[in-house]
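J.: Take this structure first; my questions come after.
The values are calculated or read from the model by the stated rules, or taken from the named source; none is laboratory data. Only a predicted model underlies this, so the values are computations on that prediction, with no experimental measurement involved. Positions of Cβ are generated from backbone atoms using ideal geometry, with glycine treated the same way; all protein chains shown enter the neighbour counts. Note: accessible area is taken over every heavy atom of the protein model, side chains too, but ligands, DNA and RNA are not part of it. Shrake-Rupley method; radii C 1.70, N 1.55, O 1.52, S 1.80 Å.
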Amino acid sequence: MSPPDLAARAEAEVLALHAFLVDWFAGRGKAAGPDRADAAFHTDFFRVAPDGMAQDRADVVAMIARGRASLGSDFEIDIALEAAMPVAEDVVLLRYVEHQATAAWRTARRVSALLVADPSAPEGVAWLWLHETWIDQTKA
């Protein structure tokens, strides 16, 4: 896969996964279930949460599975893609800012995500590494 194709697939995956997460955590519609997220994560997936907590693939999938409808029907996520940088022929590093909000609170985090080509993943790329850092945590 060429670097521009890989970057486009990675950007599409970030947007698609977050659209799924909004529906899942808000309890909207007939969300696909945690399998959508599970299929998107590489077997070696690793996340550093904004609070510094380290989570492996199983931790993140379990967190998603138990979170259905946990954030309220007004939950929203907005993604502002900043950069896509090819690291290798089949690896891309994305940088974006993620805003999450409900009527009661809002947060913002700066994110770096490493995605790798994987034809079996939903958008043809799998999440390998995710690192999030708080920018803002505000109660409305």
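J.: Taking only protein heavy atoms and a 1.4 Å probe, what accessible area per residue, in Å², does the chain have with all protein chains in place?
T.: Per-residue value: 51 Å².
J.: Tell me what the chain gives for mean residue ellipticity at 222 nm when only DSSP H runs of n ≥ 4 count, each as -39,500 (n - 2.57), the sum divided by the residue total, rounded to 500 deg cm²/dmol.
T.: So the calculated ellipticity at 222 nm is -9000 deg cm²/dmol.
J.: May I ask you to order 119-128, 34-43 by the average number of other C-beta atoms within 10 Å around their residues, highest value first?
T.: Per-residue Cβ counts within 10 Å, averaged per peptide and sorted highest first, yield 119-128, 34-43.
J.: Distances over 14 Å make up what percent of all Cα-Cα pairs in the stretch 41-97? All intermediate terms of the calculation are to be shown ahead of the outcome.
T.: Details: 1152 of 1596 pairs.
Tail fraction, whole percent: 72.
J.: Over the stretch 1-87, what is the relative contact order in whole percent, taking alpha-carbon pairs under 8 Å and six or more residues apart? All intermediate terms of the calculation are to be shown ahead of the outcome.
T.: Numbers: 74 pairs, mean separation 33.7, N = 87.
RCO, the stretch 1-87: 39 percent.
J.: Work out, step by step, the length gained on full extension between Met85 and Trp134: first 0.36 nm times the residue separation, then minus their alpha carbon distance; give nm to one decimal.
T.: On the way: separation 49, 0.36 × 49 = 17.64 nm, distance 2.20 nm.
In short, 15.4 nm is gained.
J.: Could you tell me what percent of the accessible area of the chain is made up of carbon and sulfur, with a 1.4 Å probe and every protein chain present?
T.: Working: 3840 of 7080 Å².
Roughly 54 percent of what the probe reaches on the chain is carbon or sulfur.
J.: So what does Glu89 come to for accessible area, using a 1.4 Å probe and Å² rounded to 10?
T.: 140
J.: Go from 0 up to the bin containing the longest alpha carbon distance in the stretch 1-117, width 5 Å each, and give me the % of pairs per bin.
T.: Calculated P(r), rounded to whole percents: 2, 11, 19, 23, 24, 13, 6, 2, 0.
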